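Bear in mind that the values in this text are calculations on the coordinates, not laboratory data. The structure displayed is predicted, hence computed values, not measured ones. Cβ placement follows ideal geometry from the backbone for every residue including glycine, while neighbour counts extend to all protein chains displayed.
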Amino acid sequence: QVRVVESGGGLVQAGGSLTLSCAASGRIFSSIVMGWFRQAPGKEREFVAAIRYIGGSTYYADDVKGRFTISRDNAKNTVYLQMNSLKPGDTAVYYCAIKRPFGIHTDSSNYADWGQGTQVTVSS
């Protein structure tokens, strides 16, 4: 059984920074990809960033490129999302999940083992 727990959300002013953490426990395969998604009220869940555990290849949504950085600590089975230059439009619940071994990384239906989410609120 795999468990994923996000943390680090909070309230921040526009232009500020937050770092989210995603700790995975259980049987984690080294070939996995872990991703961050977010969902704002009344909107669909959208892809934010993903990282491959082996090799560290990273992928970002266009809206966060240059502002967000995804990284991982394999020894801790933890993935981080450093968010800088935050905008009110970044306000959402942020979720972490482990990707299944098929499908594109931007599609949330290709992910399993979702966390409970962490709220990020950016005030103007």
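Here are some notes:
- Database remark: amide H of Gly10 closer than 5 angstrom to the amide H of Val120, Thr121 (H placed geometrically; neighbours at sequence offset of 5 or more, or on other chains; Pro and chain starts carry no H).
- Count of Lys pairs (Cα-Cα under 22 Å; at least 8 positions apart or interchain) in the chain: 6
- Fraction of beta bridges assigned by DSSP in the chain that are antiparallel (%, nearest 5): 90
- Kirkwood Rh in Å, taken over the stretch 32-88 so that all alpha-carbon pairs contribute: 12.1
- Translational diffusion of the chain, µm² s⁻¹ [Kirkwood Rh, Cα pairs; Stokes-Einstein; 10 °C; 1.306 mPa s]: 111
- Cα Rg over Rh - the stretch 59-124, Kirkwood: 0.97
- Ranked by the mean number of other Cβ atoms within 10 Å per residue, highest first, peptides 74-83, 45-54, 5-14 order as 45-54, 74-83, 5-14.
- Computed packing ranks the peptides 16-27, 99-110 as 16-27, 99-110, most packed first, by mean other Cβ atoms within 10 Å.
- 3J(HN,Hα) along the stretch 95-104: 10, 10, 7, 9, 7, 5, x, 8, x, 7 Hz, from the Karplus curve 6.51 cos²θ - 1.76 cosθ + 1.60 with θ = phi - 60°, whole Hz, x for Gly and Pro.
- About the Cα centre, charge dipole magnitude for the chain (Lys/Arg +1, Asp/Glu -1 at Cβ), debye: 240
- Net charge of the neighbourhood of Thr58, taken over other residues with C-beta under 12 Å away and scored Lys/Arg +1, Asp/Glu -1, is +3.
- Stokes-Einstein diffusion coefficient of the stretch 1-70, Kirkwood radius over Cα pairs, 20 °C, 1.002 mPa s, in µm²/s: 155
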